[in-house]
Amino acid sequence: MLDSSARHITDVSVQNYGSSASSAGKVDVTFGQVFADGDVGAQQHVVAAIDGKAIPTQVDRKATWSDGALRHAVVTVQLTAPDNGAAQTVSLYAVSNPVDLGLGTVSLSDLLGTNFDATVKITQGGTTYTASARDALENAVQTGKCPNWGDPACKRWLSGDLASEWVVAAPLKNGNSQTPRLRVFFNVRAYRGADGAIANVRVDSVIENDQTYAVAPNNVTYDANIAVGDNSYSIKSLTQYTQSRWHKVLWTHGTHPYYAGVSVSYLQASKAVSKYADVKPTDKFLSGVPQTSVPMDHLDQTPHMGDTGAQAGIGPLPRWTSSFVTSGKRQAFNWMLADDDAAGGYSFHYRDDKTGRPVTIVDHPYITIADLNWARQAGGAFAADLLPSCEKDCSNPNQFDIAHHPSIGYVSYLVSGDFYYLEEMQFTASYVELWANPDYRKTDKGRLLNAFQQVRSQAWNLRSISDAAFATPDKDPMKSYFVNQIDYIIQDYLNSYVNASGHPLHTLDAYGAVHYPANQPSNISIAPWQEDFFTWAVGHAAEQQVPGAKKLLNWLAPFQIGLMTSAKDGAQSGFCWQVASGYTFQLRDDNNSPIYTSLDEVYAKTYPRLNGLACNSQAMANELSTTDDQLSPDQMVGYAISPTGFPANLQIALAVAADSDANNGKQAWQVFEGRVDKPDYSNYANFAVVPRTQ
């Protein structure tokens, strides 16, 4: 039984979704688990139990909070396999004393003492190249280069009595020759069975075309076969785009039909993600969502992310991830992983051959993608970090765009513990900095506040970098990189706005913000919905405990709060909340004029036809109605019932504003909640964020 110090934290539901009753006896299940700050102290440990009885548990600690409390871990438990369709509740407890299983760490010697191997065969232009996981691991043993976070060839990901995992690079070879562009990584996870021997091995085979400086980029067409024990996967005539990657998980024996469903309510409470309304996707909807993807297929990711209008990927979390976060259902989990897999087919993956990790602007301060042609002519410092020219064909129908990119890999990594999704998250956060003009981003600093980026771009980039800083393991060299990036970014906004004067409206008003046309020529208006994205992103960073983010949120929040509270119903002056979800707001008379000093002035200039009309009256509703959009009192403009409409965009900002220290935040949320015709977020929960304090 558990000792007297045990304190319950959360539960995980382990379900067998196989096609027949289980005959597996004991089964090992691995998952990722976020812990709220303080739930597992720096000197405490985690143990799993079923009905109050401890079961074999391995906890690989990955990330910690500032006080050393456990933030994220990869947990492996060994339990009696549930029958087909059945689920077993596994409870996690914080305890004072570690539990020694007495089995000894699963070692490479244990694995290599079996007949284990996994191979990737690539046939290109009539030549077959082979990569062997066994050969790569044997080489790591001989050279003593694993485990080592700093070595590009091999690293230890999991290490314990129940399971160990190695991430190893394996060359694709034909005799003494190698493929010039493709490379393979094997993520090899060996499980110890109940009898103490290696029972089954899970191999995640990753095929990449993402070298940054070693060779000129080029698309590659080939046939592939992956073989792991009794299982295999083949694909013919695949064109892999430059700066892309894909992966396939196979087991040496059979399949592993067990799903570890973490508590999504606890995931929200941990503040790793926002709090969501009590909505869930319907079973009918989930029965039709994709469960897998094929290499280089965008699946539900927007093929051209730069397209205007609503996209399933836009929001704090994309549609597939928000469906998981609000339900925890296995179908939603698989959908989330499938679309994060599909992101591998976009050209945002830049791996540094020297470090083996995503490229950083610290190592390459003059790298740029957006201004690559200009950098080729600039020479000087830009020459050392200049990306090589495409050799022949680098076209990709999947177009990544930093101003519209979704959260990629973050939640998938947090709840699966898979190294592949950790790197997807890191590649995303790396790319948004590589993309920019080095002068605008201040070379290695990573400034987001610049003339090159719209506010929505700044918002989603801030989110991706903050998520990478939050989730990257403490021992990963990328941890300090992302932490330093987000710390600088927040401090830069504080210095530019909060600690400066001349920004009375509490909005971003640099060139990247005030560039919309309104009633006069361009560069006089902002898009308030982009400001909403940014306010949420800062609020999210504040919950992740990024220094200074709460102070920045408290400065930003009065803008959205004022839109909802400056004019009471019936008032003929002030900013009426019915148009708080407008598309653009005028902030100055012309390009050379100062920014207005009050929301009253913004309202008068943006909506001159509404001056003198009572807020939320029938007369105002009549004036706001159009042929396509008939309004009545208590409605907001901007596609009020759409889960991706402008009121939905505003919702995420008001939710974090209500939790801020700014005055009237809760009042603003109450006004917002009092409107009619609210969206049904059940099957589209991207913007279903609510305050934690409601």
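So Tyr93 ticks every box in (1) assigned by TED's automatic domain parsing to the domain that holds Lys155; (2) in contact with a strand residue (DSSP E or B) (Cβ under 7 Å, 6 or more places away or on another chain); (3) closer than 25 Å to Trp157 by Cβ but one. Which box is left unticked?
(1)
Out of Ser430, Ser395, I need the residue that is farther than 30 Å from Val188 by Cα and either at pLDDT 95 or above or part of a helix (DSSP H, G or I) (or both). Which one?
It is Ser395.
Determine whether Val167 is in contact with a Lys or Arg (Cβ under 8 Å, 6 or more places away or on another chain) and surrounded by 20 or more Cβ atoms within 10 Å (Cβ to Cβ).
It is true that Val167 is in contact with a Lys or Arg (Cβ under 8 Å, 6 or more places away or on another chain) and surrounded by 20 or more Cβ atoms within 10 Å (Cβ to Cβ).
Conditions (1) in the same structural domain as Leu182 (by TED's automatic domain parsing); (2) within 24 Å of Thr239 (Cα to Cα); (3) in contact (Cβ under 8 Å) with a residue 12 or more places away in the chain, marked per residue:
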{"site": "Tyr276", "(1), (2), (3)": "no, no, yes"}
{"site": "Gly288", "(1), (2), (3)": "no, no, no"}
{"site": "Val294", "(1), (2), (3)": "no, yes, yes"}
{"site": "Trp335", "(1), (2), (3)": "no, yes, yes"}
{"site": "His364", "(1), (2), (3)": "no, no, yes"}
{"site": "Gln377", "(1), (2), (3)": "no, no, no"}
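Do we find a residue being more than 19 Å from Ala216 (Cβ to Cβ), surrounded by 24 or more Cβ atoms within 10 Å (Cβ to Cβ), in contact with a helix residue (DSSP H, G or I) (Cβ under 8 Å, 6 or more places away or on another chain) and modelled with pLDDT of 95 or more anywhere in region 352-359?
Yes - at least one qualifying residue is present in region 352-359.
With respect to the numbered conditions (1) at pLDDT 95 or above; (2) out of contact with any Pro (no Cβ under 8 Å at 6 or more places or on another chain), which one is the sole condition not fulfilled by Tyr366?
So Tyr366 meets the others, but not (2).
Looking at (1) at pLDDT 90 or above; (2) farther than 29 Å from Asn219 by Cα; (3) over 27 Å from the mean Cα position of the chain (by Cα), which is the only condition Asp135 fails?
(2)
Please return the ranges of strands (runs of 3 or more DSSP E) entirely within region 146-254 where 2 or more residues are of a type in the set (Gly, Ala, Ser) and outside the structural domain of His349 (by TED's automatic domain parsing).
Because the criterion is at least 2 residues that are of a type in the set (Gly, Ala, Ser) and outside the structural domain of His349 (by TED's automatic domain parsing), the strands (runs of 3 or more DSSP E) in region 146-254 that meet it are 163-170, 198-209, 220-228, 231-240.
To keep it simple, each residue is scored yes or no on (1) on the phi < 0 side of the Ramachandran plot; (2) surrounded by 15 or more Cβ atoms within 10 Å (Cβ to Cβ).
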| site | (1), (2) |
| --- | --- |
| Asp60 | yes, yes |
| Ala63 | yes, yes |
| Gly68 | no, no |
| Ala87 | yes, yes |
| Tyr93 | yes, yes |
| Gly102 | no, no |
| Leu112 | yes, yes |
| Asp117 | yes, yes |
| Glu138 | yes, no |
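For region 385-395, what are the residues that are surrounded by 13 or more Cβ atoms within 10 Å (Cβ to Cβ) and either under 22 Å from the mean Cα position of the chain (by Cα) or farther than 20 Å from Phe427 by Cβ (or both)?
Listed by number, the residues that qualify are Leu386, Glu391, Asp393.
Please work out which residue is farthest from Lys155 (Cα to Cα), limiting yourself to region 96-110 and to residues that are at pLDDT 85 or above and hydrophobic (A, V, I, L, M, F, W, C).
Looking at residues that are at pLDDT 85 or above and hydrophobic (A, V, I, L, M, F, W, C), I get Leu103.
Among Thr179, Thr221, Thr128, Thr143, which is hydroxyl-bearing (Ser, Thr, Tyr), at pLDDT below 95 and surrounded by fewer than 16 Cβ atoms within 10 Å (Cβ to Cβ)?
Thr143
Hey, does region 499-513 have a residue that's in a helix (DSSP H, G or I) and either surrounded by 22 or more Cβ atoms within 10 Å (Cβ to Cβ) or not hydrophobic (A, V, I, L, M, F, W, C) (or both)?
no
Output the residues belonging to region 659-694 that are in a helix (DSSP H, G or I) and either within 27 Å of Ala332 (Cβ to Cβ) or aromatic (Phe, Trp, Tyr) (or both).
Trp669, Phe672, Glu673 - these are the residues of region 659-694 that are in a helix (DSSP H, G or I) and either within 27 Å of Ala332 (Cβ to Cβ) or aromatic (Phe, Trp, Tyr) (or both).
Name the residues in region 404-419 that are over 27 Å from Gln530 (Cβ atoms), crowded, with 24+ Cβ neighbours inside 10 Å and among the hydroxyl-bearing types (Ser, Thr, Tyr), would you?
Once the filter is applied, which keeps residues that are over 27 Å from Gln530 (Cβ atoms), crowded, with 24+ Cβ neighbours inside 10 Å and among the hydroxyl-bearing types (Ser, Thr, Tyr), region 404-419 yields only Tyr413.
Determine which single condition Leu238 fails, assuming it passes every other condition in (1) aliphatic (A, V, I, L, M); (2) over 17 Å from Ala332 (Cβ atoms); (3) within 20 Å of the chain's Cα centre (by Cα).
So Leu238 meets the others, but not (3).
Here are Ser464, Ser522: which of them is outside the structural domain of Ala69 (by TED's automatic domain parsing) and not in a loop (DSSP other than H, G, I, E, B)?
Ser464
Each row is one residue, and each column tells you yes or no for (1) at pLDDT 95 or above; (2) surrounded by fewer than 21 Cβ atoms within 10 Å (Cβ to Cβ); (3) part of a loop (DSSP other than H, G, I, E, B).
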{"position": "Leu267", "(1), (2), (3)": "yes, no, no"}
{"position": "Thr292", "(1), (2), (3)": "yes, yes, yes"}
{"position": "His298", "(1), (2), (3)": "yes, yes, yes"}
{"position": "Ala310", "(1), (2), (3)": "no, yes, yes"}
{"position": "Ile314", "(1), (2), (3)": "yes, no, yes"}
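Go through (1) in contact (Cβ under 8 Å) with a residue 60 or more places away in the chain; (2) assigned to a loop (DSSP other than H, G, I, E, B); (3) under 20 Å from Asp532 (Cβ atoms) for Val656 and report which single condition fails.
Status for Val656: all satisfied but (2).
Residue-wise test of (1) charged (D, E, K, R); (2) in a helix (DSSP H, G or I); (3) surrounded by 18 or more Cβ atoms within 10 Å (Cβ to Cβ).
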| site | (1), (2), (3) |
| --- | --- |
| Val546 | no, no, yes |
| Phe559 | no, yes, yes |
| Ala571 | no, no, no |
| Asp590 | yes, no, no |
| Ser593 | no, no, no |
| Asp600 | yes, yes, no |
| Leu631 | no, no, yes |
| Gly638 | no, no, yes |
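Which residues, counting only those in region 454-496, are surrounded by 22 or more Cβ atoms within 10 Å (Cβ to Cβ) and polar (S, T, N, Q)?
Once the filter is applied, which keeps residues that are surrounded by 22 or more Cβ atoms within 10 Å (Cβ to Cβ) and polar (S, T, N, Q), region 454-496 yields Ser457, Gln458, Asn461, Ser464, Ser466, Thr472, Gln485.
Quick one: His349 ticks every box in (1) in contact with a Gly (Cβ under 9 Å, 6 or more places away or on another chain); (2) at pLDDT 95 or above except a single one, so which number is it?
The number of the failed condition is (1).
Can you list the strands (runs of 3 or more DSSP E) lying wholly within region 52-94 that have 2 or more residues being not aliphatic (A, V, I, L, M)?
57-64, 70-80
Out of curiosity, is Arg330 of a type in the set (D, E, K, R), outside the structural domain of Tyr684 (by TED's automatic domain parsing), touching a residue at least 24 places away in the same chain (Cβ under 8 Å) and crowded, with 23+ Cβ neighbours inside 10 Å?
It is false that Arg330 is of a type in the set (D, E, K, R), outside the structural domain of Tyr684 (by TED's automatic domain parsing), touching a residue at least 24 places away in the same chain (Cβ under 8 Å) and crowded, with 23+ Cβ neighbours inside 10 Å.
The values are calculated or read from the model by the stated rules, or taken from the named source; none is laboratory data. Please read these numbers as outputs of a predicted model, since none were measured by experiment. Virtual Cβ from ideal backbone geometry, glycine too; neighbours counted across all protein chains shown.
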